[in-house]
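The next block holds one structure in the form of structure tokens; read it before the comments.
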Amino acid sequence: MRVRLTALSVAGAAALGLITAPAIAAPNRPAGTEQVSVFGHRGASGYRPEHTLASYELAARMGADYIEPDLVPTKDGVLVARHENEIGGTTDVADHPEFADRKTTKVIDGASLTGWFTEDFTLAELKTLRAKERIPDVRPNNTIYDGRYEVPTFQEVLDLRARLSRELNRDIGVAPETKHPSYFAKLGLPLEPGVVQALTTNGLNRPGAKVAVQSFEVGNLKELNKSLQVDLVQLISNSGAPQDFIESGDPRTYADLVKPEGLKEIAGYADVIGPDTKVVLPVEDDGYLGEPTPVVADAHAAGLEVVPYTVRAENKFLPKDFQSSDDPKAFGDVFGFFKALFDTGIDGIFSDHPDIAITARDDYAGR
């Protein structure tokens, strides 16, 4: 029996004396799961270039319960942390003339992309690159860190997690996402063996380990369920369908997966759903929030926890209800958006700004 994500964070915090007042349960949340877990989305990517050790470390120091590395492979089969295998937007590869001939066009999950791809670089070659801010127009302050940090390996992320857990005297969780698993399997670079090996080698493939492995596909989670003893997270987009469903001719969509029968199936191989926030709180055509869906309550009824993605503080990413101005870079009423999400009874939240998420969580709990 796997230990639930929220129960883990509550028990760990209580053991360390960090919970000083009772938390207040939101509607629809099962008894005993009052503490909402905060996942540092790509680290603390609101403050540092995403998927860098500096971003992950800052998230942990801000108090995030989990740090989240997205995983893609190198040409020599090493798992590294990048949001996508296309790295033109997140590294300085375009400034390296020695790699100019690596620029190419590929079809990834049905979409044509032009750029540089991790699977065309050895780890040694990737280590010569440096990370940069992915959305400089929205996060110009992060650009001061461009060029400072390497592309980290999954093992380096796990080493950082272990070091910070010791230093901070609390268990830092890790939530790796397997990116484009069907695509990489066809290339002969499957992600799953490396994930299983890394977690096992680092003593994290065990019941109770603070680990949550994610995927937007279904088949690889079912396979991982045979080898891993940690929590598995079925990610749910607000549109489209899992890529492995598309390729196998399965007509079901993500919308089908969050119906009661779909959630019951998910509960057979996973422990958590990670829906887009719009799956829980729809945004209408006018940009304002609609009524909450029954997804959280239905998931809880199926025995699943719900950890939506992703809350960001900038107006550009907030529903109009919570925007403070027409400036896309300015922070809006992100606390109001957090409260609206907490009211639905969610068990955790992904955020680019983990410090704000933790303050919102504590405010909501009345602490």
Residue count, the stretch 300-329, condition in a loop (DSSP other than H, G, I, E, B), open to solvent by 30 Å² or more (accessible area, probe 1.4 Å) and in contact with a helix residue (DSSP H, G or I) (Cβ under 8 Å, 6 or more places away or on another chain), comes to 9
Only one residue in Ala255, Ala297 is touching a Ser or Thr at 6+ places or on another chain (Cβ under 9 Å), farther than 21 Å from Asp70 by Cα, free of Cβ contacts under 8 Å to residues at least 24 places away in the same chain and open to solvent by 20 Å² or more (accessible area, probe 1.4 Å), so which one is that?
Ala255
Looking at Val174 and the list (1) buried (at least 19 other Cβ atoms within 10 Å of the Cβ); (2) closer than 11 Å to Thr90 by Cα, which single condition is not satisfied?
(2)
Pairs with Cβ under 7 Å, 6+ apart, first in the stretch 301-314 and farther than 20 Å from Ala175 by Cα, second assigned to a strand (DSSP E or B):
Ala313/Phe331; Glu314/Phe331
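So that you can scan it fast, the table gives a plain yes or no per residue for (1) in a strand (DSSP E or B); (2) open to solvent by 30 Å² or more (accessible area, probe 1.4 Å); (3) in contact with a Lys or Arg (Cβ under 9 Å, 6 or more places away or on another chain):
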| position | (1), (2), (3) |
| --- | --- |
| Val157 | no, no, no |
| Pro190 | no, yes, no |
| Gly208 | no, no, yes |
| Glu223 | no, yes, no |
| Gln229 | no, yes, yes |
Quick count over the stretch 44-74, residues being out of contact with any Leu (no Cβ under 8 Å at 6 or more places or on another chain) and either polar (S, T, N, Q) or farther than 22 Å from Leu232 by Cα (or both), is 10
Answer yes or no as to whether Asp347 is at pLDDT 95 or above, within 26 Å of Lys210 (Cβ to Cβ) and crowded, with 23+ Cβ neighbours inside 10 Å.
yes
Check Ile144, Ile172 and return the single one that is free of Cβ contacts under 8 Å to residues at least 40 places away in the same chain and among the hydrophobic types (A, V, I, L, M, F, W, C).
Ile144
Please verify whether the stretch 177-186 includes one or more residues that are open to solvent by 10 Å² or more (accessible area, probe 1.4 Å), in contact with a strand residue (DSSP E or B) (Cβ under 8 Å, 6 or more places away or on another chain), of a type in the set (Phe, Trp, Tyr) and part of a loop (DSSP other than H, G, I, E, B).
no
Do we have Glu247 as in contact (Cβ under 8 Å) with a residue 12 or more places away in the chain, open to solvent by 10 Å² or more (accessible area, probe 1.4 Å) and not in a loop (DSSP other than H, G, I, E, B) here?
yes
Candidate set: the stretch 261-284, residues that are touching a strand residue (DSSP E or B) at 6+ places or on another chain (Cβ under 6 Å) and not aliphatic (A, V, I, L, M); chosen: the one surrounded by the most Cβ atoms within 10 Å (Cβ to Cβ):
Gly274
Mind checking which residues of the stretch 124-142 are open to solvent by less than 50 Å² (accessible area, probe 1.4 Å) and within 23 Å of the chain's Cα centre (by Cα)?
Leu126, Ala131, Glu133, Ile135, Val138, Arg139, Asn142
Would you tally the residues in the stretch 192-206 being part of a loop (DSSP other than H, G, I, E, B) and not charged (D, E, K, R)?
4
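The values are calculated or read from the model by the stated rules, or taken from the named source; none is laboratory data. Bear in mind the structure is a predicted one, so any value in this text is a computation, not a measurement. Every residue, glycine as well, gets a Cβ built from its backbone with ideal geometry; the counts of neighbours run over all protein chains shown. Protein only, heavy atoms only, side chains kept; ligands, DNA and RNA dropped before computing areas. Shrake-Rupley method; radii C 1.70, N 1.55, O 1.52, S 1.80 Å.
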